[in-house]
Amino acid sequence: MSDPGLFLNRELSWLEFNTRVLHEAIDDRNPLLERLKFLSIFNTNLDEFYMVRVAGLRRQVAAGVHVVSPDGMSPVETLAAISARVNELMRTQRMLLYDTLLPALGKHGVKLVSIDDLTSTEWQTVDEFFEAQVFPVLTPLAVDPGHPFPYISNLSLSLAVQIHDPATKAVRFARVKVPKSLPRWIPFGRGNAFIPLEQVIGANLGALFPGMDIQGFNTFRVTRYSDLELTHSEDDDNLLQLIEEQVFQRRFAEVVRIEVESGMPESLRELLMEELREDQPAEIRAFADPELVETGPLLDLGDLMALASLEVAELRDPPFVPVTPPELKDTTRSIFDVLKEKDLLVHHPFDSFNASVEQFLISAATDENVLAIKMTLYRTSGDTGVVRALTEAAQRGKQVAVLIELQARFDESNNITWARTLEDYGVHVAYGLPAVKTHAKTTLVVRREADGIKRYAHISTGNYNSKTARVYTDIGLFTSSPSIGADLTDLFNALTGFSRQRLYRKLLVAPANMRFRFIEMIEREAANARQGKHARIIAKMNALVDGETIEALYAASQAGVEIDLIVRGICCLRPGISGVSDRIRVVSIVGRFLEHSRLFYFANGGDDQFYFGSADWMPRNFDRRVEAVAPVDDVTLHPRLHSLLAVCLSDNRQAWDLAADGTYAQRSPNGEPVRATHQLLLADSWGIVKPAEPRTEPAPSVARMSGPG
């Protein structure tokens, strides 16, 4: 099992996921603005990949780390493979945007127009906008002996301006930052036609540099290392201050990538490289320069999301309205009355987040019999019902304790703000454990009732975030199970106090016992297969990386267990290897919604077991995060979960099959009725259909892909 040939490279597998995202922009079965949306997502995904993964690999090389990954590739080899693959994807993206999407959108009146194509009236509109809205916020930064090269912030779009001074005959460089506080695409009175903000600024550079000759300008953008480096110990008593300092210092981290506009003069490229090279720590500078990437006429294509959000109905997916779960439609009954009788299972975004999760919290906040609310917050959104309910409960005198994870990547500043807001309202806020992230999605409500104190719980695969609840698929369970309530009490005590709790009644908890319990259940299926009993595993997750778990799955396959893995993103397991993973199939679902739910099924010799929760099968989830995975003990809920897994496995429209060589092939209906997972779930939140039989061969496909196709 230590053979590198049995594992796929983690980083290259992630790039293949982003390739599938890009393919959604290529696929002409999707509406045009939805295709533009996926192109935007592809770019923001790639930004984060460079900020964290590529930057981390570069630091490994600079530090002389030569340890190879389980697939046998060293950091240097991985970086070279990443660069080659990204170059392919960027070429595909450029052709797609400029040769296909923008021309097609133009036929529907959605256009990006060059400033040179404006009429005189439109010029006047743009000039007035510049004078009133843009000029006051611009800060030109010159580079000369008295002005050092300016600091370039992460992911900021900038103009590199060449200026000739008629008095001294000198040619100088200046940088003008394109402000994020203004819209990127500026309307000028021609329907859904827009002009890029950087062109508006470029056409008015004379106002910023009066008396100078503007020789030209080009756009550029930098990507900096952006992961946090926490060197604290368990004795640190001010995690909040530590995170704040790290977030501030991240602004000054080394440059990993420099993106430049096509046609930028070589002299400007060399200047940028020379100056930004000096921005590197010495050990990084000695290893390699930042990667220079020519991206095309437009940079920062993540901003295309604003255009993709235009209200042009014929160019977008049909709107949908999340439904209220049937169990909650009777407004004369409280959610606590419902949960006394049975557990409640919900599936977002198809089931309403507002009518279930937020209503649960609002009910807890306003119910005079509720004594306490305890909750974990990894990511949340704005002024939503979640925050309002917590502050309302605290103001009513209830004990409210919230564990806010300050280390949630790229949400650190937001979470610091929410932590202080909640504290101002009297909420007891804890910041988690210094050595691990708290990623669990749990709420515990303690209520006084006629027969004593009763606990109500909510456990989910998704964040308490009303915005992502509209676009991420997630499963949530509301329950009054005494065992789960007691487990959550122990978990919260461990998070907010001093505890090394490792034994739980029902929950699988990381880092305490989760990897061990999952491998134990996989090995149980293998033992059942060897004894001739029914043995089956279906696991749905975002990523599969953990080596020990992969080895257990290989062993189970060899023992005769049929295994289907629904893995949206990274998968380091190689399916279909003769004698090793013959009985393992891997499928990825990519479409309208982001597949985010983690759901695990074990046949258990005929006594079906379902688990769901916050954890993927990755080392970070098992070892460096607090995670919670719960069983679904109510067998009356099992048909819904069987149906959901069956819908994913039978998909012939959004599904991609993974081959042993790491490539993916998109399935095609090939004359059969279209079975698209998200379309079926929009019709029924669980897609209630007859469960499909295990598939032993990959579905027919339109193309075997190593690229976006």
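Coordinate-derived values only; no laboratory data. For clarity, every value in this text was computed on a predicted model and none was experimentally measured. Don't worry about glycine lacking a Cβ; one is built from the backbone with ideal geometry, like all the others, and counts go over all protein chains shown.
How large is the convex hull of the C-alpha atoms of region 326-496 per residue, in Å³? List each step's numbers first, then the result.
On the way: hull volume 18.6 nm³, N = 171.
Cα convex hull per residue, to the nearest whole number: 109 Å³.
Quick one: of the DSSP bridges fully inside the chain, what percent are antiparallel, nearest 5?
Numbers: 75 of 108 bridges.
So the antiparallel bridges in the chain amount to around 70 percent.
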Please state the shape class of region 19-94: rounded when a/c is under 1.5, otherwise prolate if a/b exceeds b/c and oblate if not, all from the C-alpha gyration tensor. prolate
Using alpha-carbon coordinates, inclination of helix 385-395 to the longest axis of the chain, degrees: 70
To check you understand DSSP bridge types, tell me what percent of the beta bridges within region 326-496 (both residues inside) are antiparallel, rounded to 5. 70
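Mind running the shape call on region 322-407? Use the C-alpha gyration tensor, a ≥ b ≥ c as the square roots of the eigenvalues: rounded below 1.5 for a/c, prolate if a/b tops b/c, oblate otherwise. Mind showing how you got there, number by number?
On the way: a/c = 1.97, a/b = 1.25, b/c = 1.57.
Oblate, since a/c reaches 1.5 and b/c is not below a/b.
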Which log10 I(q)/I(0) values, to two decimals, does region 11-61 give at q = 0.24, 0.27, 0.28 Å⁻¹ under the Debye formula with one point per Cα? -0.83, -0.95, -0.98
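Rounded, prolate or oblate: which fits region 510-705, taking a ≥ b ≥ c as square roots of the Cα gyration tensor eigenvalues, rounded meaning a/c under 1.5, else prolate when a/b beats b/c?
Values: a/c = 1.38, a/b = 1.24, b/c = 1.11.
In terms of gyration-tensor shape, rounded.
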Report, to the nearest 10°, how far helix 120-129 tilts away from the longest principal axis of the Cα atoms in the chain, using its own Cα long axis and a range of 0 to 90°. 70
Helix 547-559 against the longest principal axis of the chain: what's the angle in degrees, Cα atoms only, rounded to the nearest 10? 50
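Only bridges with both residues in region 87-199 count here: give the DSSP antiparallel percent, nearest 5.
On the way: 14 of 16 bridges.
Just about 90 percent of them are antiparallel.
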Checking region 36-134 for trypsin sites (Lys or Arg not before Pro) in a loop per DSSP with at most 13 other beta-carbon atoms within 10 Å yields Lys107
Between region 515-582 and region 1-59, what is the C-alpha centre distance in whole Å? 25
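Multiply the residue gap between Asn604 and Glu449 by 0.36 nm, knock off their C-alpha separation, and tell me the result in nm, one decimal place. Don't skip to the answer; put the middle values down first.
Values: separation 155, 0.36 × 155 = 55.80 nm, distance 3.71 nm.
Value of the extension gain: 52.1 nm.
With a 10 Å Cβ neighbour count serving as the proxy for reagent exposure, in which order, fewest first, do Phe188, Phe320 appear? Let's see the in-between values first.
Numbers: Phe188 19, Phe320 12.
Least to most surrounded, the residues fall as Phe320, Phe188.
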Ranked by Cβ crowding within 10 angstrom, fewest neighbours first, how are Ser466, Ser13 ordered? Ser466, Ser13
Given an 8 Å cut-off on Cα distances and at least 6 residues of separation, report the relative contact order of region 82-231 as a percent. 27
Most exposed first by the Cβ proxy, i.e. fewest other Cβ within 10 Å, how do Lys374, Lys329, Lys533 rank? Lys329, Lys533, Lys374
Environment charge at Leu488 (Cβ cut-off 9 Å; Lys +1, Arg +1, Asp -1, Glu -1): 0
So the pair-distance distribution of region 72-153, from every Cα-Cα distance in 5 Å bins, comes to percents of 3, 10, 9, 9, 10, 13, 16, 14, 8, 5, 2, 1, 0
